[in-house]
Amino acid sequence: DTEVTQTPKHLVMGMTNKKSLKCEQHMGHRAMYWYKQKAKKPPELMFVYSYEKLSINESVPSRFSPECPNSSLLNLHLHALQPEDSALYLCASSQDPSGIWNEQFFGPGTRLTVL
Amino acid sequence: GQQVMQIPQYQHVQEGEDFTTYCNSSTTLSNIQWYKQRPGGHPVFLIQLVKSGEVKKQKRLTFQFGEAKKNSSLHITATQTTDVGTYFCAGLIRSGSARQLTFGSGTQLTVLP
């Protein structure tokens, strides 16, 4: 299984809602990532988990809260988002915990719209 | 901050023509990766270059890493409509004790039949 899955595929939420994005991989990868991608822009790194511990937080607002329950799962909890947070949220994983020497496998993404 | 610049931003070619995208960094890269993202899709890994001056080929795609490890290029020979998408380079930049994978701005390729 060389796939990263993400749910839901689409999400529409209001600014007062609380929602969660989910990501799963069964490749035994020890690094998992959250990226945000706006239209016609490159992916922007948000968080990196290495061996289930948060290793990088790229100054992301606290309304985004990541969680790594186990080595296969990664969640992104959303609360009190702003319309400008609307984007494609990509999850990725890589075998090398430093994420350096191995390719990153991306999931299909969750397209988020904040009203 | 440290950035990885990519040009051109857009490229329209006739099917059968060649295409090249260039990636430049102001700082030395530990390695460089290339990804392709089809319209409506997600980035898919193409290749990784590690050594100075390295050249790798995948069928019609040729990837190069500069001698100074500050630039890279992707060349596609005789483009096909299946090559349509956005091509991103992603450079590994050392920042203190950490290393960060930074994506270039991408080149969106359109192939006209």
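The values are calculated or read from the model by the stated rules, or taken from the named source; none is laboratory data. No experiment lies behind these values; they were computed from the predicted model shown. When we count neighbours, we look across all protein chains shown, and the Cβ atoms used for this are built from the backbone with ideal geometry, even at glycine.
Can we say B:G40 is surrounded by fewer than 18 Cβ atoms within 10 Å (Cβ to Cβ), more than 11 Å from every other protein chain (Cβ to nearest Cβ) and not in a strand (DSSP E or B)? No.
Of the numbered criteria (1) of a type in the set (S, T, Y); (2) surrounded by 14 or more Cβ atoms within 10 Å (Cβ to Cβ); (3) modelled with pLDDT of 95 or more; (4) not in a loop (DSSP other than H, G, I, E, B), the one B:T82 fails is (2). Considering the conditions (1) more than 16 Å from B:S105 (Cα to Cα); (2) in a strand (DSSP E or B); (3) away from chain A (no Cβ under 11 Å), B:E17 is excluded by exactly one of them, (2).
Criterion applied to B:F103, B:F19, B:F45, B:F65 was being farther than 26 Å from A:Y33 by Cα and of a type in the set (F, W, Y), and the one residue passing it is B:F19.
Residues of region A:80-115 that are over 15 Å from the mean Cα position of the chain (by Cα) and either among the basic types (K, R) or assigned to a strand (DSSP E or B) (or both): A:T113, A:V114.
Within region B:48-72, being surrounded by 18 or more Cβ atoms within 10 Å (Cβ to Cβ) and assigned to a strand (DSSP E or B) holds for B:Q48, B:L49, B:L61, B:F63, B:Q64, B:F65, B:N71, B:S72.
Looking at region A:1-38 only, could you name the residues that are under 15 Å from the mean Cα position of the chain (by Cα) and of a type in the set (G, A, S)? Of everything in region A:1-38, those that are under 15 Å from the mean Cα position of the chain (by Cα) and of a type in the set (G, A, S) turn out to be A:S20, A:A31. Cβ-Cβ under 9 Å, sequence separation 6+ or interchain: first residue in region A:6-19 and surrounded by 13 or more Cβ atoms within 10 Å (Cβ to Cβ), partner among the aromatic types (F, W, Y). Which pairs? If the second residue must be among the aromatic types (F, W, Y), the pairs left are A:Q6/A:Y89; A:L11/A:Y89. For region B:56-71, the count of residues that are more than 13 Å from chain A (Cβ to nearest Cβ) and either acidic (D, E) or touching a residue at least 60 places away in the same chain (Cβ under 8 Å) (or both) is nonzero.
Listed by position, the strands (runs of 3 or more DSSP E) inside region A:10-57 whose residues that are among the acidic types (D, E), within 29 Å of B:L109 (Cα to Cα) and within 12 Å of another protein chain (Cβ to nearest Cβ) number at least 1 are A:44-50. One residue is enough: does region B:23-36 have a residue meeting the conditions of a type in the set (S, T, Y), within 14 Å of the chain's Cα centre (by Cα), farther than 21 Å from A:V4 by Cβ and buried (at least 20 other Cβ atoms within 10 Å of the Cβ)? Yes, region B:23-36 contains a residue that is of a type in the set (S, T, Y), within 14 Å of the chain's Cα centre (by Cα), farther than 21 Å from A:V4 by Cβ and buried (at least 20 other Cβ atoms within 10 Å of the Cβ). The residue list B:T79, B:T110 contains one member that is farther than 24 Å from A:Y49 by Cα, in contact (Cβ under 8 Å) with a residue 24 or more places away in the chain, more than 14 Å from chain A (Cβ to nearest Cβ) and polar (S, T, N, Q), which is B:T79.
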